[in-house]
Structures are given as C-alpha cells and as structure tokens.
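Report on the structure given below.
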Amino acid sequence: MIYVRDKNLRNTTRPESILVVDICDSRKIGRKYGDNFIKHIKERVENIMVPGFKGYNCLAIKDLGDGFMATFEENEEAVRAAIHGFSIIQRFNESDENLRIPIELRFAIHFGEVYINNDGDRQHNEVSMTFTIRDLTEKDRKKKSRVNPNFPDKNRILISAKVYEDIKDIPDIRCKDLGFFKLKGSEELHPIYQIQLNIIGGT
C-alpha cells in the first residue's frame with residue numbers, strides 16, 4: 001500500500017467509493033521503448049496522482065503495477081480526484097517536449113462494500129467489479145444508449161450507476177450515458193456512464 005489514511009480501519013467491512021486507473025497500452029509501450037521508459041512514465045503518473053488523490057480525502061492508495069487503486073468516502077470526491085488527475089496529465093502531455101508519446105489513462109469508479117484487511121488493502125466483489133468496468137470495451141456493450149455515443153478506448157472516466165445516481169445533479173460534472181454492458185461475473189446488464197472531459201484524444 002502506498003498510503004492508508006486511517007490505520008485503525010483493519011479487518012472490517014464498510015462502503016467506499018472505489019477508483020482504479022491504469023496507463024493504457026503499458027505493455028506495448030514497454031516492448032517498444034523499454035522497461036525503463038514505462039517505469040519513468042509510471043513514476044510521473046504517481047507523482048501527479050498520489051498528491052491529487054490525497055487532496056480529495058482519499059482513504060487508501062494501492063500500487064497496481066501499471067496504475068493505482070484508491071478509495072474515498074464519497075463518490076463526488078472520487079470523481080473530482082479523477083477529473084483533477086486527468087487535467088494535470090493533459091497539461092503535462094502538452095508541456096513536456098521530451099515525452100516521446102502522450103500518457104493516456106483509463107479510470108473507473110464504483111461504489112460498494114469493501115473488506116479492509118490487516119494491511120489496509122481493500123478487497124471484495126465490488127472491487128473486482130470496478131476493475132471489470134475499467135477494462136470494458138465496445139464488445140461488452142450489449143445495448144447502446146438512445147444517443148448512440150461512440151465508446152472511448154482511452155482517456156476516459158467510466159462510472160457505475162451507483163456513482164451516477166450520486167453525482168448526476170452536480171452542475172459542474174457532466175455525464176454521458178454509454179448504454180448497457182455485460183460485466184464479468186454478473187448475469188445482468190449494467191448501465192455505464194462516462195464523465196465528459198475536454199481531453200485531447202478522448203471525448
């Protein structure tokens with residue numbers, strides 16, 4: 001664990017907002033430019049993301065190798081942390097002349113019960129669901145929304161219906177309905193939404 005705010009929360013279950021983020025195509029980048037380059041990119045992302053997460057009352061942060069998992073008390077905090085991180089990465093992409101390729105990210109946010117183990121790590125089915133949302137592709141979409149938006153492969157923040165219901169009336173956070181998706185481990189179709197951002201390479 002990179003960070004655990006409340007070390008007294010151990011071996012317990014509680015509801016939290018779960019955020020996961022990874023660097024798109026990290027394996028391809030590593031094969032093309034070398035492991036040292038992808039390590040450099042990961043360090044840059046960590047130096048940007050971790051302080052930003054903490055600024056939005058983050059409860060815990062875990063290193064995932066090519067990304068991070070973080071949890072928050074409230075869905076709005078998780079969404080704003082993701083938006084903030086994306087905005088800083090975009091400015092970094094535009095300003096660093098030595099960057100060979102732009103850093104592109106995939107975020108997912110879901111809300112549910114997590115089990116906090118003795119190390120402060122968050123586990124449970126709702127955590128697995130968040131990773132499934134992060135990895136969604138167009139092939140997983142079984143029913144498009146009425147406006148039939150394009151499905152973004154990169155530079156995106158996807159949120160579950162639980163998160164959407166919590167933030168949909170916040171004026172400065174805009175969401176787009178992407179339709180219904182088949183999620184691994186579930187027989188039901190789940191509505192998925194995208195936080196709309198002005199991001200280069202995204203929608």
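Nothing in this text is a laboratory measurement; each read-out follows from the coordinates by a stated rule. If you're wondering where the values come from, they're calculated on a predicted model, not measured in any experiment. So basically every Cβ, Gly included, is an ideal-geometry build from the backbone, and we count neighbours across all protein chains shown.
Answer yes if at least one residue in segment 79-91 is surrounded by fewer than 17 Cβ atoms within 10 Å (Cβ to Cβ), in a loop (DSSP other than H, G, I, E, B) and within 15 Å of the chain's Cα centre (by Cα), and no otherwise. No, the conditions are met nowhere in segment 79-91. You will find that of PHE111, PHE37, the residue that is of a type in the set (Phe, Trp, Tyr) and under 16 Å from the mean Cα position of the chain (by Cα) is PHE111 and no other. Considering the conditions (1) within 12 Å of the chain's Cα centre (by Cα); (2) among the hydroxyl-bearing types (Ser, Thr, Tyr); (3) loosely packed, with under 14 Cβ neighbours inside 10 Å, THR132 is excluded by exactly one of them, (3). Screening TYR56 on (1) among the hydroxyl-bearing types (Ser, Thr, Tyr); (2) in a strand (DSSP E or B); (3) over 20 Å from ARG134 (Cα atoms) shows it passes everything except condition (2). When each of THR71, THR130 is tested for being in contact with a Cys (Cβ under 9 Å, 6 or more places away or on another chain), in contact (Cβ under 8 Å) with a residue 40 or more places away in the chain and of a type in the set (Ser, Thr, Tyr), the lone residue that passes is THR71. Remark: VAL114 matches the filter, which requires a residue to be touching an Asp or Glu at 6+ places or on another chain (Cβ under 6 Å) and either crowded, with 22+ Cβ neighbours inside 10 Å or assigned to a strand (DSSP E or B) (or both). Looking at LYS162, LYS143, just one residue is touching a strand residue (DSSP E or B) at 6+ places or on another chain (Cβ under 8 Å) and loosely packed, with under 14 Cβ neighbours inside 10 Å, and that residue is LYS143.
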